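Read the structure below first, then the notes.
The values are calculated or read from the model by the stated rules, or taken from the named source; none is laboratory data. Computed from a predicted structure; not experimentally measured. Don't worry about glycine lacking a Cβ; one is built from the backbone with ideal geometry, like all the others, and counts go over all protein chains shown.
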Amino acid sequence: MVKMMTAYTEEVDEIEEGIAELLGQIDLGALKKNSVGIVNCHFDFIHSCFIEEMSKRLPFDIIGMTTMSSTDQHGQGMYALVLTVLTSDDLVFETVISESLDTDDYEGKIEAMYSDAAGKLPGKASLILCLFPHLKYPNGAELHQGLDKICGGIPIWGGVTTHTDTGYDHCYTFRNGDYRRDGMALLLIHGSIEPEFIVVSLPLQNIQKNQGKITKSDGCLLQEINGIPALLYLETLGIIIMESAPITMPMMTYYEGIPEPVALAIYAVNEDGSLSCGGEMTEGAVVAVGEITVGSVMASAEEALERVLGCGKRNGMLVLPCVSRYVMLSLDHNDEMAFVSEKISNGNPQGTPRMPFMMGYAGGEICPVRDKNGVLRNRFHNFTFSACVF
């Protein structure tokens, strides 16, 4: 069994006051045999050395990443830090951060860091929580594929780091006081833990009925649909992709044997008419075009929270929705966070307790989905509301 606690602060400059605020919200005396921390924060908490100092004061390891905005039951904001603590008598936690993955040998480095952490556990990991760097190469999907292969399909949940601006210079992952722009941070959990994975992308009415089959692809490169270049296929549907902003249109991908589609972004339009996408475009899979709107963001959040509250688990919830959802909400950026907070705090069925939660925005969501036989399959997503419920 795992217990979850969270704490929130916006005090980045006065480090002593900020740490005191966090510790005032978490009862360190209630920690069980083993504990670990997960942090979402604005870059300034790294720049001011807050993270480094906080990690020295906590009696457990932490992993974390920068986010565009964060929230828990204590507050919400762009310039905030949320500390989540998992504590248990039965589970064993092991953290690790990789060397630079901005290299052709990224799989070898992932394998080295994973083997190092896994070797310190008393047995096989049962769950991996991961925080990925924001790299052009290897991208999030490629990092995910590498980790999935190396760990042998152990359920992986997490996201890709973001920041408050559109560049990548201030996107960081970290382990304790060691922070990196190009490193992957992992939390390996050993023991009996069976979280509920919730992932919702778009309401059905936001997905076009026209579907095409992927007839040629190479990893994340979508080359042909129905035997013609992918870009030309979309033009036959009347869809003109803006090369300057292709990422705003979800490609709903129906993998064989997976009941619900996976939403993937188009990262780039290539000269040969192929599309570089945010996830694996498997030959034989079916694709349809989706549309992300303010309404679809809120409707998918509502559907996801209904599933969360209906799953019966109440020990805590980790949430990493896509940063595009935050951007889409425009002047009302905080609406989704406020909705989650209100729903989790006040929307539980009568007689059930409130649930601690952490939420931050990711540049790619990592969440397993069940195939038609109920077996969990690791997947990389875009545009989604992704939750891990204990």
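Assorted remarks:
- Region 55-104, residues that are among the β-branched types (Val, Ile, Thr) and within 30 Å of Phe339 (Cα to Cα): Ile62, Ile63, Thr66, Thr67, Thr71, Val82, Thr84, Val85, Thr87
- Inter-residue pairs, beta-carbon under 9 Å, first surrounded by fewer than 24 Cβ atoms within 10 Å (Cβ to Cβ) and in region 362-385, second of a type in the set (Val, Ile, Thr) and assigned to a loop (DSSP other than H, G, I, E, B), 6+ apart: Val369/Ile258; Arg370/Ile258; Asp371/Ile258; Lys372/Ile258; Arg377/Ile258; Asn378/Ile154
- For region 255-278, filtered to residues that are surrounded by fewer than 20 Cβ atoms within 10 Å (Cβ to Cβ) and not in a loop (DSSP other than H, G, I, E, B), the residue that is modelled with the highest pLDDT is Ser276.
- Flag for Gly219 being more than 18 Å from the chain's Cα centre (by Cα) and under 25 Å from Leu83 (Cβ atoms): no
- Residues (of a type in the set (A, V, I, L, M, F, W, C) and in contact (Cβ under 8 Å) with a residue 40 or more places away in the chain) located in region 267-293: Leu275, Cys277, Met281, Ala285, Val286, Val287, Ala288, Val289, Ile292
- Those residues of region 298-311 which are out of contact with any strand residue (DSSP E or B) (no Cβ under 6 Å at 6 or more places or on another chain) and touching a residue at least 60 places away in the same chain (Cβ under 8 Å), in sequence order: Ala299
- Across region 348-389, the qualifying residues are those that are polar (S, T, N, Q) and out of contact with any Pro (no Cβ under 8 Å at 6 or more places or on another chain), and the one among them that is modelled with the highest pLDDT is Asn373.
- Selection of first residues in region 104-123 that are in the same structural domain as Ser192 (by TED's automatic domain parsing) and over 15 Å from Leu187 (Cα atoms) and of second residues that are assigned to a helix (DSSP H, G or I) and at pLDDT 95 or above, restricted to Cβ pairs under 6 Å at least 6 apart or on distinct chains, gives the following pairs, ordered by first then second residue: Glu107/Gly146.
- Total residues in region 279-301 satisfying the condition of being in contact with a helix residue (DSSP H, G or I) (Cβ under 8 Å, 6 or more places away or on another chain) and over 30 Å from Glu342 (Cβ atoms): the figure is 3.
- Filter result (assigned to a strand (DSSP E or B), hydrophobic (A, V, I, L, M, F, W, C) and more than 17 Å from Phe93 (Cα to Cα)) within region 1-48: Ala7, Cys41
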